[in-house]
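The values are calculated or read from the model by the stated rules, or taken from the named source; none is laboratory data. Keep in mind that this is a model prediction, so the values were computed, not measured. When we count neighbours, we look across all protein chains shown, and the Cβ atoms used for this are built from the backbone with ideal geometry, even at glycine.
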């Protein structure tokens, strides 16, 4: 029963839904997520902690960064919920911007890994 409650809590916040939608596409490190979602590392870390407590995130160390992805056991449930609400998610301007910024941030990887740290996307974008 506690697992269901934790999953509900994980999905009860728009920012956490945005994080899950991003991580369904690909694994990302904190700096990539923070840059793409235009939020501070501390705010993002709070949301990531809630998602970890719900058991929906997996982590993997790559060099000095921790990459986040959807836990394989939780992936079907997360996909089902986000697929069910796909029209609402597609209509969300914030989610559309996240997706566009993630693509640009991923293009900055070297050998498939983040090597830049925080705050790189806006410094390399043209206005």
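Restricting attention to segment 113-127 and to residues that are within 22 Å of residue 20 (Cβ to Cβ) and assigned to a loop (DSSP other than H, G, I, E, B), the residue that is modelled with the lowest pLDDT turns out to be 118.
Give segment 26-40 a look and list any residue that's loosely packed, with under 15 Cβ neighbours inside 10 Å and over 9 Å from the mean Cα position of the chain (by Cα), or say none. Once the filter is applied, which keeps residues that are loosely packed, with under 15 Cβ neighbours inside 10 Å and over 9 Å from the mean Cα position of the chain (by Cα), segment 26-40 yields 38, 40.
If you go through segment 81-95 and keep only what is assigned to a helix (DSSP H, G or I), modelled with pLDDT of 90 or more and closer than 15 Å to residue 14 by Cβ, you end up with 81, 82, 93, 94. Looking across 66, 78, one residue alone is touching a strand residue (DSSP E or B) at 6+ places or on another chain (Cβ under 7 Å), touching a residue at least 12 places away in the same chain (Cβ under 8 Å), within 16 Å of residue 7 (Cα to Cα) and not in a loop (DSSP other than H, G, I, E, B). It is 78. Among residues that are within 17 Å of residue 24 (Cα to Cα) and over 13 Å from the mean Cα position of the chain (by Cα), residue 99 is not included. For the criterion of being in a helix (DSSP H, G or I), surrounded by 14 or more Cβ atoms within 10 Å (Cβ to Cβ), in contact with a strand residue (DSSP E or B) (Cβ under 9 Å, 6 or more places away or on another chain) and free of Cβ contacts under 8 Å to residues at least 40 places away in the same chain, residue 23 fails.
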